[in-house]
Amino acid sequence: MKIAAVSDIHVVPGGADEPLLMAIKDRVEDIAPDVFVIAGDLSHDLSILEEALATLAVDDAVRLFVPGNHDIWFESEKQIGSLEKYARLIGDACKNTGFHYLPDEPYIDGEGAFVGSIGWSDYSFARPELGISEEQYRRKEYRGAVWFDVFNVDWSFTDREATELFNGKLEYDLKTLPERVRWVVYVSHHLPFRELTVYKNRLPWDFFSAFMGATSTGEILRRDGRVVLSISGHSHIRNLIRIDGITAMTVPLGYGRPADGDFESLARDAVAQVEIDDGEVKVVDFVSGDICEGMPYAMARR
Ligand SMILES: [Fe+2]
Ligand SMILES: [Fe+2]
């Protein structure tokens with residue numbers, strides 16, 4: 001099975017990213033995967049998200065999507081909340097564009113299965129040596145530096161409750177897979193392994209790293225024994241690790257856009273290619289690091 005994967009495209013409103021989306025689509029079609037995975041952070045605007053999915057709807061591949069934290073940011077103008085987006089509206093956008101919405105149900109193909117969700121963070125990636133209190137992580141603010149989910153996610157869960165909710169769903173999905181399933185790919189936006197996070201020994205970067213993921217999620221993957229591959233986004237620094245027999249990667253594109261308009265090169269770096277043969281994972285094409293380094297930022301944030 002051939003897999004192509006990307007995340008964190010953070011589509012710029014107003015159509016300026018159309019050439020980038022087309023370049024990503026072309027790149028994926030060149031790879032000709034059996035499964036195309038998008039691991040979240042397309043847009044905080046549901047209409048832009050659906051348009052992007054429509055543009056990225058490559059032919060002849062099963063298309064899988066999990067949302068990222070930006071995708072569930074509430075939209076006060078449209079009066080839609082984070083939970084409504086996660087539980088229903090993003091799934092509808094996927095249905096409209098031929099994407100399988102993994103939070104609703106796993107995708108199963110013979111002896112293989114893909115399970116996944118947005119995942120969440122419970123501050124277990126925090127660095128205790130920084131001496132930052134739990135309260136500061138809860139408020140998502142450290143000396144004026146703010147993690148923007150605090151203003152933009154309006155569901156009633158605490159971060160710990162959200163993490164437990166998605167962990168519970170992951171355990172349920174794994175438990176209820178058909179018996180014939182021998183290998184599993186986990187897809188999420190947030191990271192299941194602390195080892196995927198890149199710390200920089202500076203603040204507020206290392207403060208924000210606490211919001212990258214949850215070690216408890218990785219424990220579930222480790223315990224299961226069938227999980228061979230984990231694909232995530234969220235961190236905008238691409239990383240590839242092996243942990244207890246699991247190949248784990250982050251596949252973000254990021255906020256930068258090439259000043260010279262070379263979208264093909266950016267798309268080539270952004271789309272990772274992996275093959276699974278009889279449960280064995282082979283990473284065919286993967287670029288590490290920040291692939292937007294040195295590029296001007298696109299204005300994707302609100
Ligand atoms: Fe992102
Ligand atoms: Fe994210």
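Condition check: within 18 Å of Gly233 (Cβ to Cβ) and within 15 Å of ligand 1 (Cβ to nearest atom). Does Ile90 satisfy that? If you could, list the steps in order and put the result at the bottom.
Details: within 18 Å of Gly233 (Cβ to Cβ): yes; within 15 Å of ligand 1 (Cβ to nearest atom): no.
Judged against the criteria, Ile90 is not a match.
In region 272-294, is there at least one residue being among the acidic types (Asp, Glu) and either within 13 Å of ligand 1 (Cβ to nearest atom) or in contact with a Gly (Cβ under 9 Å, 6 or more places away or on another chain) (or both)?
yes
Go through region 22-52 and give me each residue that's within 16 Å of ligand 1 (Cβ to nearest atom) and touching a helix residue (DSSP H, G or I) at 6+ places or on another chain (Cβ under 8 Å).
Ile24, Ile38, Gly40, Asp41, Leu42, Ser43, His44, Leu49, Ala52
Report those strands (runs of 3 or more DSSP E) wholly inside region 233-302 carrying at least 1 residues which are within 16 Å of ligand 2 (Cβ to nearest atom).
Numbers: elements: 239-243, 246-250, 272-277, 280-285.
Of the strands (runs of 3 or more DSSP E) lying wholly inside region 233-302, those with at least 1 residues that are within 16 Å of ligand 2 (Cβ to nearest atom) span 239-243, 246-250.
Looking only at region 55-97, which residues are in a helix (DSSP H, G or I), hydroxyl-bearing (Ser, Thr, Tyr) and either more than 26 Å from Lys2 (Cβ to Cβ) or within 16 Å of ligand 2 (Cβ to nearest atom) (or both)? I'd like the intermediate steps shown before the answer.
So in region 55-97, the residues in a helix (DSSP H, G or I) come out as 55, 70-72, 82-97.
Adding the requirement that they be hydroxyl-bearing (Ser, Thr, Tyr) leaves 55, 82, 86, 97.
If the condition is that a residue be in a helix (DSSP H, G or I), hydroxyl-bearing (Ser, Thr, Tyr) and either more than 26 Å from Lys2 (Cβ to Cβ) or within 16 Å of ligand 2 (Cβ to nearest atom) (or both), then Ser82, Tyr86 are the ones that fit.
Scan region 129-149 for residues that are in contact (Cβ under 8 Å) with a residue 24 or more places away in the chain, surrounded by 13 or more Cβ atoms within 10 Å (Cβ to Cβ) and among the hydrophobic types (A, V, I, L, M, F, W, C) and jot them down.
The answer is Leu130, Ile132, Trp147, Phe148.
Does region 195-235 hold any residues that are touching an Asp or Glu at 6+ places or on another chain (Cβ under 6 Å), touching a residue at least 60 places away in the same chain (Cβ under 8 Å) and closer than 25 Å to Lys2 by Cα, and which are they?
Gly233
Among the residues that make up region 155-162, is at least one of them within 20 Å of His44 (Cβ to Cβ) and surrounded by fewer than 17 Cβ atoms within 10 Å (Cβ to Cβ)?
Yes: one or more hits.
Counting just the residues of region 1-11 that are within 16 Å of ligand 2 (Cβ to nearest atom) and assigned to a loop (DSSP other than H, G, I, E, B), which one comes out nearest to the chain's Cα centre (by Cα)?
So the residue we want is Asp8.
Could you give every pair whose Cβ atoms fall below 6 Å, whose first residue belongs to region 150-176 and is of a type in the set (A, V, I, L, M), and whose second residue is buried (at least 16 other Cβ atoms within 10 Å of the Cβ) and in a helix (DSSP H, G or I), counting only separations of at least 6 or pairs across chains?
Val153/Ser82; Leu170/Ile220; Leu174/Asp224
Go through (1) hydroxyl-bearing (Ser, Thr, Tyr); (2) part of a loop (DSSP other than H, G, I, E, B); (3) touching a strand residue (DSSP E or B) at 6+ places or on another chain (Cβ under 9 Å); (4) more than 12 Å from ligand 1 (Cβ to nearest atom) and name the single condition Thr217 misses.
Single failed check for Thr217: (2).
Of the numbered conditions (1) within 16 Å of ligand 1 (Cβ to nearest atom); (2) in a loop (DSSP other than H, G, I, E, B), Pro178 satisfies every one except a single condition; which is it?
(1)
Scanning region 23-47 for residues that are part of a helix (DSSP H, G or I) and in contact (Cβ under 8 Å) with a residue 60 or more places away in the chain, which turns out nearest to ligand 2 (Cβ to nearest atom)?
Of everything passing the filter in region 23-47, Ile24 is nearest to ligand 2 (Cβ to nearest atom).
Just so you know, all these numbers are worked out from the coordinates, no wet-lab data involved. Note that this is a predicted model, so its numbers are computed, not measured. In this analysis, Cβ positions are derived from the backbone assuming ideal geometry, glycine residues included, and neighbour counts consider all displayed protein chains.
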